[in-house]
Structure formats: structure tokens, C-alpha cells
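Let me begin by presenting the structure, written as C-alpha cells, before commenting on it.
The values are calculated or read from the model by the stated rules, or taken from the named source; none is laboratory data. From a predicted model like this one, the values you see are computed outputs, not experimental measurements. Every residue, glycine as well, gets a Cβ built from its backbone with ideal geometry; the counts of neighbours run over all protein chains shown. Each accessible area value is taken on the protein alone, full model and side chains, heavy atoms only, with ligands, DNA and RNA left out. Shrake-Rupley method; radii C 1.70, N 1.55, O 1.52, S 1.80 Å.
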Amino acid sequence: MAPEVHMPGPVCLIENTKGQLVANPEALKILSAITQPVVVVAIVGLYRTGKSYLMNKLAGKRKGFSLGSTVQSHTKGIWMWCVPHPKKPNHVLVLLDTEGLGDVEKGDNQNDSWIFALAVLLSSTFVYNSMGTINQQVMDQLHYVTELTDRIRAKSSSDNNVGEDSGDFVSFFPDFVWTLRDFSLDLEADGEPITADEYLENSLKLKQGTSQKDKNFNLPRLCIRKFFPKKKCFIFDRPTHRKKLGQLETLHDDELDSEFVQQAAAFCSYIFSNSKTKTLSGGIKVNGSRLEKLVLTYLDAISSGDLPCMENAVLALAQIENAAAVQKAIAHYDQQMTQKVKLPTETLQELLDLHRASEKEAIEIFIKSSFKDEDHLFQKELANQLEKKRDDFCKQNMKASSDRCSALLRDLFSPLEEDVKQGIYSKPGGYRLLIQKTQELKEKYLQEPRKGIQAEETLQTYLRSKESIIDAILQTDQTLTEKEKEIEVERVKAESAQAAAKMLEEMQKKNQQMMEQKEKSYQEHVKQLTEKMERDRAQLLAEQERTLALKLEEQARLLKEGFQNESRQLHNEIQNLQKRMAQPRRCVIS
């Protein structure tokens, strides 16, 4: 089980110094150690609108992200707080608090736009925080959303976003939550009560018209609707008296407005229950390590003057992850083989069976850890390395067997060799005694366990090295007739030929086993790859269906609004016509 995250407080993830956005190594190190999937909630809004208070609530703390108590922006850059997810076991909640937009002291709208864009790119839930009601001034302040296509590319193949539509972004973009602070209006429309979500939908309705004023009115609303089909709205009363706002982080709930406390609790409950795991295209779940690499990839693009490209970021992440997946799989294979294999193995098949079991686990690890392996290059690399590892083990197995057998032959035959040197068998009848002793020692040798696959070959090689000595003893043995000597020579030749045929048969058998193992390895790669492709295809289809459903839902809402506007106009025209017809006509007498 992965270790639980313990961060006593937030740290700066992306530093904003003199208009330059730079990743903080300390924060990256924290992210790189998080192996669990992450739910990333980022909050953005104008400075001094109380963003940090909400993030502290999500962290389950009163203090943490700096609240400040002046009109100056306190948070600089993007700050991060990683905490165990309160409702999703084995998940980490990553909270990102951004510096306030529109800080007059900073005076850099471009810098604000990048902060806004990064919050969108990194989060799975994007919270926009503003004060009061949603009016045109608030919409004008939300011009950053209209600039997203100028700051972000969805696909690497697009040229200046030509051919990209909202659907390309929807599949990457987070869910949208709008929090309205110090909200003082009654939630009603046409005298009927409405929900906060309905209030948001009403505020995002488009004007019918083609004038520049209408276009300016519609643009931010249209961008929000298209980029963020899933939207949620929360309203908050003022938490306490204005003079106490500076002490907000020290106040207990019973010292705050009860409505505000309930509203904050509802907001936290929604985020905990509905915010999704950060997921990339293709259903790839993001953990801390992957989030770290996304941060670096996006910042590298910005610092080089390029636009962060979501597709490129995924591909760059895939390159890093897949290379690591190969090494992880190989390390597992090495560990399993080291634990299971005791060289020399009695047969080649025994070694190949151990290899196949370890190989299967290694492939499973790679398949589980890898994604977007274009043209299966990394899986081919894994297959090549596993094949080399197998061949290396086979060579080690042969050497271990040869060494073991050679040592055993030395131990068994060294006394006999010494007797031969002393001339003990250079006498009448000595040849038969030598053959008898040699046969006894061969039997002892063959009975010894764990000799390995080189047992026969090593034995025959040893015996061949002694043929000249044995033949010399045969020729000098006076008890044997010439005919008997000739017969004995032929017998030795036949035994040697039989042994050679047996070794050839064994070699062919080994080659056949190796060929069969190669085919099994190939089939294992294909099997697991096919299963992964089917899973990926199902995930991609589900993602495409979700994106299409959101787009169709938004289009249906736009059509409904259009019909309602046309119906309203027609109704007004009918009423005006009825009023004119009801007016008494004057008769003019000439």
C-alpha cells in the first residue's frame, strides 16, 4: 500500500518572480513521491476575494493558504497542498491556490492569463471565485476564458488552432465550479425561486443579435458554455462582520454566519464527492509523478515562447513513463529470476518455464504502467531486452552446468588418472580393469544430481580427451589377441558415435524448445497488448461518448434558448398587434 501523504502546510508549486513562472523543486519532489491517483482542485479569481479560505476548508484546516487581511494580493504564483482524499481511499487531493488576478501592483495581464491557463490545464475541477452577483462587469473581468485558445493548444497537428473546436478542449478541460462570495440577492426569476445552478445558467444565456455589443456580451458566456459543459454554482453569504474578516482563519464556525457555514460545508461536500480523478486523454489516470511531469512540460513550453499543447504533454509524458515502465518490468524480471532460478537447472525446459512465468509478470507490469506506446516501440524494446535476458540466462546455465560437471569429473576420475600415471593398468589384463573402473565412475557421475544440461556433453568431451591413453593401454595389453583389440577399437568407435548422435538429438531438442519459447513469448506480448488495446478502446469510446453527450447537451440548451427567444419575440409581436387592434379607430368625415 502506498504511503499516506503528510504535508503540514502548502508549498509554492509554481513561483512567479518578475513575470517568470518557474517550478519549485521542493514541490516537485513531493509530487514525484505520490504514486496514488490525484484529484486536482484549482481555484482562480480576482485578488482579495477569499479564495484561500475555501481551499483551507477543503484541506480540513483553518490555517494553511495565506488569507491576508489587506487589499494586497497575498498568494504569489500557484501554491499546492496535498492531503489524503477524505472520501476516496488511496487517492490524494491536490489543492492549488493561485495568486489573485488583476493585481494592480503587478499590472501584467499576460502573466495573469498564464496563471489562469495553467490552473485549467492542471486541474480536474476548476473553481472560479468572484464577489457579489454575476453581472457584465464580472463577465468582463473573466476575459481570461476567452483567451484560452490563444494560450492552449489541444492538438499538436493544428496550426494556430485552425481546425480545433470546443470539443477538442472539452475532453481535456476540467469541470467548472463558480463560487459567488458575499452574495446578497434573492435567488428567484420571474417571481419564482431558482437554484444557484439555474441562476448560473440564466446568467450565461446569450443575446440574440449580431452587433459588436452583442458579440462582446456573448463571447465570455459562449466560451464558458462550450469549454466547460459541466458547471456548478455555489453562493455564499458574508461570513462575518467586515471588521472581523481579517481574523477569519482564527474564528470558529460558531463565530461565523450560520448560513455561510452551511454553504461552505455544501461546497466542500460537493467537491469531495464529485470532483473526478485527474485524467488524460484515453482514460489515463494521473498520479503525483505524472502531475509533476505535466507541470514541467507546460512551463517549458511557456518559457520557450510556445503554447502549451495538451496532446504534446501527454506524448512527452508517455515517453518518460514508457521508458520507466520498461525498466520497471526488467527489474521485476531480474528479481523473480534471481529468486527462483538455481543454476544449473536439470533441463533447459525447467529454465524456460521459469523465464516464461517471470516474462509474463514483466509484460503485465509494463502493460499496466505504460500508455500511448505509439507503434509499440517500447513494448518491442521490452521484448528485445527480455529475449537478451533469456539468452544470457541460458548461457549462464550452460556455463554453470559445464563448471559443475567438470569439477565433478575431476573429483571422480582424478584417482584413476593418478593410477594410470603410476602404470597400474600398463600390465596384462590392465585394459579390462581400466574399462571396468571407468564404467563404474561413469555410473557414479550419472547418478549425481543437479549436473544440468551439459552433463552428457561434458562427460563425452572428457572421455574423448582420454582416448589416446586408453588406446595405448589397449595396444600394450598382451592378454588380448589382435582380433580382440580390433573388436574393442570398433566398440569404442560405436560408443563414441552413439554418444555423438545422442548429443545431436539433445541439441536439436534444445533448439526446438528455444523456438517454441520464442513463439510463446510473442503470443504473450500479443495477448496482453490485445487486451490492453480493448480496454483502451473502451475507455476512449466512453470518453468520446461523454464529450459528445456534453456537447449535445450544450447545443440543445442553446437551441432551446433560441426557440425561447424567438417565441418570446413572437409573443410580444402578437401582444402588440392585439393592442393595436383593440384600440378604437377614428372615423374621419371629409
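Annotations
- The helices (runs of 4 or more DSSP H) found wholly in region 398-478 and carrying at least 2 residues that are of a type in the set (F, W, Y) occupy 430-447.
- A search for C-beta distances below 8 Å between a residue of region 54-66 that is within 11 Å of W79 (Cβ to Cβ) and open to solvent by 50 Å² or more (accessible area, probe 1.4 Å) and any residue that is in a loop (DSSP other than H, G, I, E, B) and not hydroxyl-bearing (S, T, Y), counting only pairs 6+ apart in sequence or on different chains, returns S66/H74.
- Total residues in region 11-44, condition open to solvent by less than 20 Å² (accessible area, probe 1.4 Å) and more than 14 Å from W79 (Cα to Cα): 4
- Condition check for S184: surrounded by 13 or more Cβ atoms within 10 Å (Cβ to Cβ), in contact with a Ser or Thr (Cβ under 8 Å, 6 or more places away or on another chain) and modelled with pLDDT under 90: no
- Scope region 175-191; condition assigned to a loop (DSSP other than H, G, I, E, B) and of a type in the set (F, W, Y); matching residues: F183
- Within region 485-511, residues that are under 22 Å from I470 (Cα atoms) have Cβ atoms under 8 Å from residues that are part of a helix (DSSP H, G or I) and open to solvent by 90 Å² or more (accessible area, probe 1.4 Å) in these pairs: S496/R464, counting only partners at least 6 apart in sequence or on another chain.
- Yes/no for T297 being free of Cβ contacts under 8 Å to residues at least 12 places away in the same chain and part of a helix (DSSP H, G or I): no
- Per the conditions (1) hydrophobic (A, V, I, L, M, F, W, C); (2) open to solvent by less than 30 Å² (accessible area, probe 1.4 Å); (3) free of Cβ contacts under 8 Å to residues at least 24 places away in the same chain, the sole criterion not satisfied by L459 is (3).
- Enumeration of residues in region 192-236 that are in a helix (DSSP H, G or I) and closer than 18 Å to A266 by Cβ: A196, D197, E198, Y199, L200
- Residue in region 485-498 that is surrounded by fewer than 12 Cβ atoms within 10 Å (Cβ to Cβ), among the hydrophobic types (A, V, I, L, M, F, W, C) and under 29 Å from E350 (Cα atoms) present: yes
Here is a yes/no grid of residues against (1) modelled with pLDDT under 95; (2) of a type outside the set (S, T, Y):
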{"residue": "F366", "(1), (2)": "yes, yes"}
{"residue": "L377", "(1), (2)": "yes, yes"}
{"residue": "K380", "(1), (2)": "yes, yes"}
{"residue": "D392", "(1), (2)": "no, yes"}
{"residue": "S401", "(1), (2)": "no, no"}
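- Taking the criterion of being open to solvent by less than 80 Å² (accessible area, probe 1.4 Å) and within 60 Å of the chain's Cα centre (by Cα), the residues of region 419-448 that qualify are K442, Y445, E448.
- The numbered conditions (1) in contact (Cβ under 8 Å) with a residue 12 or more places away in the chain; (2) charged (D, E, K, R); (3) within 26 Å of W114 (Cβ to Cβ) are all true for E259 except (3).
- Of the residues examined, S289 is not one that is surrounded by 15 or more Cβ atoms within 10 Å (Cβ to Cβ) and in contact with a Phe, Trp or Tyr (Cβ under 9 Å, 6 or more places away or on another chain).
- Residue count for region 180-219 satisfying the condition of being in contact with a helix residue (DSSP H, G or I) (Cβ under 7 Å, 6 or more places away or on another chain) and of a type in the set (S, T, N, Q): 1.
- Number of residues in region 479-503 that are of a type in the set (S, T, N, Q) and in a helix (DSSP H, G or I) equals 2.
- Residues in region 303-359 that are open to solvent by less than 10 Å² (accessible area, probe 1.4 Å), free of Cβ contacts under 8 Å to residues at least 60 places away in the same chain and not in a helix (DSSP H, G or I): there are none.
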